[in-house]
Amino acid sequence: MLDQDKDVISKLKEFQGEYVKLTYVERFVTFFWMGDTKYFITAVEKESSPHFRN
């Protein structure tokens, strides 16, 4: 596991239950050891709710 992956996982845990903005890459070729998805999260940022603006 890369350090970047550990950072993404820790931020997802930290921001659980909050609104977040995800940055991801789409891979056009997948490998079975990478899972069933073509989308891989590269960054997580906390975001304010689109429904409630202050």
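None of the figures in this text is laboratory data; all of them are computed from the coordinates on show. As the structure is a prediction and not an experimental result, all values here were calculated from the model. Cβ atoms come from the backbone with ideal geometry, glycine included; neighbour counts cover every protein chain shown.
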- Note on the structure: Between Tyr24 and residues 5 or more places away or on another chain, the pairs with built amide H atoms under 5 Å apart involve Thr42
- Return the ratio Rg/(2.2 N^0.38 Å) for segment 3-46, where Rg is computed over Cα atoms only. 1.25
- Note on the structure: In whole Hz, the Karplus estimates of ³J(HN,Hα) for segment 16-31 (6.51, -1.76, 1.60; θ = phi - 60°; x where Gly or Pro) are 4, x, 9, 7, 9, 10, 9, 10, 9, 10, 10, 9, 8, 10, 10, 10
- Message: Within 10 Å of each candidate Cβ there may be at most 10 other Cβ atoms; applying that plus a DSSP loop requirement, which chymotrypsin sites (Phe, Trp or Tyr not before Pro) in segment 1-36 survive?
- Response: Phe28, Phe31
- Message: What is the sum of charges, Lys and Arg at +1 and Asp and Glu at -1, for the other residues whose Cβ falls under 13 Å from the Cβ of Lys6?
- Response: -2
- Note on the structure: Taking every other residue with Cβ under 15 Å from the Cβ of Glu45 and scoring Lys and Arg +1, Asp and Glu -1, one gets 0
- Task: Can you put Ile9, Ile41 in order of Cβ neighbours within 10 angstrom, beginning with the fewest?
- Result: Ile9, Ile41
